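Before any comments, here is the structure.
The values are calculated or read from the model by the stated rules, or taken from the named source; none is laboratory data. From a predicted model like this one, the values you see are computed outputs, not experimental measurements. Virtual Cβ from ideal backbone geometry, glycine too; neighbours counted across all protein chains shown.
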Amino acid sequence: MQGLVMEKFQNSLDVEGRKKKIIYLGDGNGDFCPSLKLKESDYLMPRMNFPLCDLVSKNSNDIKACVHDWMDGEELENVLLHIINKANIGKENNIVGPKIISIDCKLGTISMDAHKVFPEAITVPL
């Protein structure tokens with residue numbers, strides 16, 4: 001089910017016609033299927049010592065995305081900022097993104113039209 005949600009999300013990005021990268025954070029068994037749908041240009045961030053990290057380690061040949069694990073909130077922040085900088089999003093030391101959407105598949109599905117009401121992403125100084 002979550003893999004299908006990921007495919008729909010990826011297709012919606014393709015329709016917009018702009019190259020976009022996905023950064024997917026997860027920790028449970030249910031996050032493995034969506035992880036398999038990520039592309040080489042995407043990033044997977046499994047939480048260390050949780051089921052997703054173990055599944056990714058055991059099935060590393062099936063994962064196309066660049067994998068960066070993390071253990072706690074501080075490390076999550078550091079790794080996420082590193083990925084954003086590495087992905088070259090934004091201009092002149094400011095991170096500027098189109099729309100940032102957080103999806104929790106456990107809460108059910110949300111139509112793509114509903115996402116249009118989300119505010120634009122903010123600039124984050126580095």
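Of all residues in the stretch 62-74, those satisfying the criterion of being more than 20 Å from Ile22 (Cβ to Cβ) and either in a helix (DSSP H, G or I) or in contact with a helix residue (DSSP H, G or I) (Cβ under 7 Å, 6 or more places away or on another chain) (or both) are Gly73, Glu74. Of note, Pro34 does not satisfy the criterion of being closer than 21 Å to Gln2 by Cα, touching a helix residue (DSSP H, G or I) at 6+ places or on another chain (Cβ under 9 Å) and modelled with pLDDT of 95 or more. Between Asp42, Asp54, the distinction of being at pLDDT 80 or above and either loosely packed, with under 15 Cβ neighbours inside 10 Å or touching a Gly at 6+ places or on another chain (Cβ under 7 Å) (or both) belongs to Asp54 only.
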